[in-house]
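Working notes for the structure below.
The values are calculated or read from the model by the stated rules, or taken from the named source; none is laboratory data. The structure displayed is predicted, hence computed values, not measured ones. Note: ideal-geometry Cβ built from the backbone for every residue, glycine included; neighbour counts use all protein chains shown.
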Amino acid sequence: MSTAARLALVAAGIAAGAALIAYYIASYLTQTPPVVAATGNMPSASLTLQTVASLGFKPHPDWVSYLAKNPAGKWVHSTVLRVPAHSTINVTIYQFDTATGLRNPFWGEPRGIANATMTVDGKPLKVLDPDLASHTFAIPDLGVSVPLKGVADDAKNQCSVAPCTLAEAHTTVKFSFKTDKPGKFRWQCFVPCAAGFPLGFGGPMQSLGYMDGYLEVVG
């Protein structure tokens with residue numbers, strides 16, 4: 001094979017690789033999860049979420065993830081949430097994953113919520129042992145940060161495929177926070193829970209629909 005032919009094959013390979021990368025990036029950036037609205041209207045609304053250790057279905061069945069319940073009571077694989085402005089948002093999170101632990105104890109104290117207190121399985125709590133945390137629900141621009149207690153490693157009947165049911169091992173975390181004017185705010189988990197990725201912060205930790213999303217505050 002001539003040098004020119006070899007160079008042509010190399011160029012074709014590079015072009016094909018670049019096209020695949022461009023397609024992947026474009027697909028990633030243009031795929032947006034559906035919006036899930038809170039139940040209720042101003043001045044009070046409710047969000048119900050769950051966290052799962054592995055989604056259990058494509059495109060990333062082994063990724064950790066959040067799910068949201070829509071007003072019709074159906075679990076939706078999305079982290080794009082819509083809530084009313086100038087309202088109290090009552091949040092319930094069913095936590096089905098085991099503990100990962102916090103690298104910074106700062107995240108063990110709930111912040112930006114009513115009375116600086118959450119309830120875990122019905123008991124009021126102002127700080128969570130960092131070793132017991134599985135995930136966090138945090139909206140940095142609103143000053144909201146809530147740690148989520150993990151399920152015991154040896155708990156019976158653990159969930160493996162989302163959506164999980166309340167018959168499976170879980171903890172229930174409840175808290176409330178207030179919204180102000182309309183806007184769009186990023187929210188995410190700050191626990192390094194992306195197993196198999198560098199430092200635990202890749203993959204689902206950086207992907208909409210999994211461990212981060214948007215809170216749309218509407219008037």
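Report yes if P61 is assigned by TED's automatic domain parsing to the domain that holds T165 and farther than 28 Å from K156 by Cα, otherwise no.
When the stated conditions are applied, P61 does not pass them.
Test V127 against the stated conditions and say whether it is more than 22 Å from L215 (Cβ to Cβ), surrounded by fewer than 19 Cβ atoms within 10 Å (Cβ to Cβ) and aliphatic (A, V, I, L, M).
When the stated conditions are applied, V127 passes them.
All but one of (1) at pLDDT 95 or above; (2) more than 15 Å from M205 (Cβ to Cβ); (3) surrounded by 18 or more Cβ atoms within 10 Å (Cβ to Cβ) hold for N70; state the number of the condition that does not hold.
Single failed check for N70: (3).
Can you tell me which residue within the range 88-125, out of those that are touching an Asp or Glu at 6+ places or on another chain (Cβ under 7 Å) and assigned to a loop (DSSP other than H, G, I, E, B), is modelled with the lowest pLDDT?
Out of the qualifying residues, it is G101.
Could you list, in sequence order, all residues of the range 95-123 that are surrounded by 13 or more Cβ atoms within 10 Å (Cβ to Cβ) and small (G, A, S)?
A99, G101, G108, G112, A114
Can you list residue pairs whose Cβ atoms sit under 7 Å apart, with the first residue in the range 164-176 being in the same structural domain as D154 (by TED's automatic domain parsing) and the second being buried (at least 20 other Cβ atoms within 10 Å of the Cβ) and basic (K, R)? Count only pairs 6 or more apart in sequence or on different chains.
The qualifying pairs are T171/K149; V173/K149.
How many residues are touching a residue at least 40 places away in the same chain (Cβ under 8 Å) and under 17 Å from E216 (Cβ atoms) if we restrict to the range 59-76?
2
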